[in-house]
Amino acid sequence: FIFALFFQILKNKTTRSYVSGVAIHAYHDDNIDPNIISNLQTEFPDMFFLYTEGEYLHQITVDDLGTWERGEYYGRSLFQ
């Protein structure tokens, strides 16, 4: 899991000297506990964590036109 890798990289003093922050781009981020990013920020308060983009991978069909479901889902994922 990629967030476990963040912890490993940031706890290593040599590697850490090359990293000032982490950009997070998530697909289907409803499968990821939002507390993970909070835990990273608590563990490494001098680092920045930038949520760059989220994506709701969903095949748009004609039935989706005119509905707000996809936009509402995407909005919720940004503000978790």
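The values are calculated or read from the model by the stated rules, or taken from the named source; none is laboratory data. These figures come from a predicted structure and were not determined experimentally. Don't worry about glycine lacking a Cβ; one is built from the backbone with ideal geometry, like all the others, and counts go over all protein chains shown. Just so you know, the surface numbers come from the protein's heavy atoms only, side chains and all, with ligands and any DNA or RNA stripped out. Shrake-Rupley method; radii C 1.70, N 1.55, O 1.52, S 1.80 Å.
The figures follow:
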{"quantity": "Long-range HN-HN contacts of PHE49 with modeled amide H, under 5 Å", "calculated": "VAL22"}
{"quantity": "Nitroxide proxy distance, nm - points 7 Å out along Cα→Cβ at PHE49 and VAL62", "calculated": "4.4"}
{"quantity": "Accessible-area order (highest first, 1.4 angstrom probe) of the listed residues ILE24, ILE37", "calculated": "ILE37, ILE24"}
